[in-house]
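The values are calculated or read from the model by the stated rules, or taken from the named source; none is laboratory data. Nothing here was measured: the structure is a model prediction, and the numbers come from that model. Here the Cβ positions follow ideal geometry from the backbone for every residue, glycine too, while neighbour counts run over all protein chains shown. Calculation scope for accessible area: heavy atoms of the full protein, side chains included, ligands and nucleic acids excluded. Shrake-Rupley method; radii C 1.70, N 1.55, O 1.52, S 1.80 Å.
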Amino acid sequence: MDQKKTVDRRMQIVEAAGKSFAMFGYKATTMELVSKIAAVGKGTIYTFFATKEDLFNEIIGQLAAELRSLAERTIDRKRNFFDNLAAVLHELLLFREKHELIVKLSQEIRDLGTPMAKDGVARLEQAIYAFIQHEIELAIEKKELRGVDPALTAFVILKLYVAIGVEWNRSHQLSREELAAYFTSLLREGVGVK
């Protein structure tokens, strides 16, 4: 019974902190604010998390796992690498644009340059890079891609997709299908097996 209460309290704190970070950002969130949202004493929070940074890192870790799970659910091993990649990147971009915490952290980075917010977003991007890198390694083994540097290629792929899907789309509206078609044709010509 005590173990269940401990787990429930910890989850309650993490959920409250997630709400606080999403509403107020990293910088404005305090342990006092989290304790009010969670309806627990500050001492209870410190039982589980020594610092605000530890609590934030827990939330970012869970969010990175959620991104990875979304990517894995989107993969259809019957599709080719390029179609899977376009589908995964589309889902991850949508998630990133709609998730309140990611949106708030991005605003905080833009407006205040908060180092912990930058680190959190960088960790999320690193999780995406790692997933893409793994898929590239599999595609190389299956001879769908030529022998490229998986880490560098994952970086370029993500940056290219975000550049087209976000920055270019601000002034030139592409449908999901148009974006996927253009993106995959660029990749097939650039890194596909010839």
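Of the numbered criteria (1) in contact with a His (Cβ under 7 Å, 6 or more places away or on another chain); (2) farther than 20 Å from A71 by Cα, the one R176 fails is (2). Just to verify a result, which residue in segment 43-86, among those that are small (G, A, S) and within 20 Å of I102 (Cβ to Cβ), is surrounded by the most Cβ atoms within 10 Å (Cβ to Cβ)? The qualifying residue surrounded by the most Cβ atoms within 10 Å (Cβ to Cβ) is A71.
Would you confirm whether any residue within segment 15-23 is open to solvent by less than 50 Å² (accessible area, probe 1.4 Å), farther than 30 Å from E177 by Cβ, among the aliphatic types (A, V, I, L, M) and in contact (Cβ under 8 Å) with a residue 40 or more places away in the chain? Don't jump to the end; show me each part of the working.
At the first step, the residues of segment 15-23 found to be open to solvent by less than 50 Å² (accessible area, probe 1.4 Å) are 16-18, 20-22.
Keeping just the survivors that are farther than 30 Å from E177 by Cβ gives 16-18, 20-22.
Checking which are among the aliphatic types (A, V, I, L, M) leaves us with 16-17, 22.
If we keep only those that are in contact (Cβ under 8 Å) with a residue 40 or more places away in the chain too, we end up with 17, 22.
Yes, that holds for at least one residue.
Going by the conditions given, is F131 under 30 Å from M31 (Cβ atoms) and among the aromatic types (F, W, Y)? Judged against the criteria, F131 is not a match. Right, F81: over 15 Å from A17 (Cβ atoms) and touching a strand residue (DSSP E or B) at 6+ places or on another chain (Cβ under 9 Å) or not? The answer is yes for F81.
Within segment 169-194, which residues are surrounded by 12 or more Cβ atoms within 10 Å (Cβ to Cβ) and either aliphatic (A, V, I, L, M) or farther than 15 Å from A86 by Cβ (or both)? Listed by number, the residues that qualify are L174, L179, A180, A181, L186, L187, V191, V193.
Return a yes/no flag: does segment 152-162 have any residue that is more than 18 Å from L187 (Cα to Cα), open to solvent by less than 20 Å² (accessible area, probe 1.4 Å) and in contact (Cβ under 8 Å) with a residue 40 or more places away in the chain. Taking every residue of segment 152-162 in turn, none turns out to be more than 18 Å from L187 (Cα to Cα), open to solvent by less than 20 Å² (accessible area, probe 1.4 Å) and in contact (Cβ under 8 Å) with a residue 40 or more places away in the chain.
Please determine, by comparing only the residues of segment 47-87 that are of a type in the set (K, R) and in a helix (DSSP H, G or I), which one is nearest to the chain's Cα centre (by Cα). Explain how you work it out, then say what you get.
Initially, segment 47-87 is screened for residues of a type in the set (K, R), giving 52, 68, 73, 77-79.
With in a helix (DSSP H, G or I) added as a condition, the list becomes 52, 68, 73.
On the way: K52: 20, R68: 8, R73: 15 Å.
Across segment 47-87, the extreme among qualifying residues is R68.
The residue pairs whose first member lies in segment 27-46 and is closer than 22 Å to G120 by Cα and part of a helix (DSSP H, G or I), whose second member is of a type in the set (F, W, Y) and open to solvent by less than 20 Å² (accessible area, probe 1.4 Å), and whose beta carbons are closer than 8 Å, counting only pairs six or more residues apart or on different chains, do not exist in this structure.
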